[in-house]
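J.: Pasting a structure here, questions to come.
The values are calculated or read from the model by the stated rules, or taken from the named source; none is laboratory data. Source: prediction; values computed, not measured. Cβ placement follows ideal geometry from the backbone for every residue including glycine, while neighbour counts extend to all protein chains displayed.
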Amino acid sequence: MRGVFLKTTDNYIVKIASIAKLDFVIIDLEHGISSLKDVKNHILSSTRSTKVYVRVNNPSSENITQITELSPDGLVIPNIQDYNQWKQLKSRL
């Protein structure tokens, strides 16, 4: 599998990744992009052959809900230390 982390607001990078037939793009909200509008533009710029995942900057249920409403292919949730922490987060969604 081939993919790239994105920390830029320029959605042309997603288009280039799709043309290059990368398998995935991870939009990095933890270290880069801060606007949900930019995330939405990235998602809309992708093709079905390139999956778009979002690395969340805050694992709160409200934040995750806002991001999932944008319909990414999946989420990357950093700083989950153990299964119990994951279970607790999952129960709030």
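J.: Restricting to the stretch 1-48, give me the number of residues that are hydrophobic (A, V, I, L, M, F, W, C) and out of contact with any strand residue (DSSP E or B) (no Cβ under 8 Å at 6 or more places or on another chain).
T.: Filtering the stretch 1-48 for residues hydrophobic (A, V, I, L, M, F, W, C) gives 1, 4-6, 13-14, 16-17, 19-20, 22, 24-27, 29, 33, 36, 39, 43-44.
From the residues that got through so far, the ones that are out of contact with any strand residue (DSSP E or B) (no Cβ under 8 Å at 6 or more places or on another chain) too are 16, 19-20, 36, 44.
Total meeting the criteria: 5.
J.: Mind checking which strands (runs of 3 or more DSSP E) fall wholly inside the chain and carry at least 1 residues that are buried (at least 17 other Cβ atoms within 10 Å of the Cβ)? I'd like the intermediate steps shown before the answer.
T.: Values: elements: 3-6, 24-28, 51-55, 74-76.
Strands (runs of 3 or more DSSP E) meeting the threshold: 3-6, 24-28, 51-55.
J.: How many residues, within the stretch 1-34, are under 12 Å from the mean Cα position of the chain (by Cα) and of a type in the set (S, T, N, Q)?
T.: Adding up the residues that qualify gives 1.
J.: Return the residues of the stretch 15-35 that are at pLDDT below 90 and among the hydrophobic types (A, V, I, L, M, F, W, C); say none if nothing qualifies.
T.: Hit for the stretch 15-35 is Ile33, nothing else.
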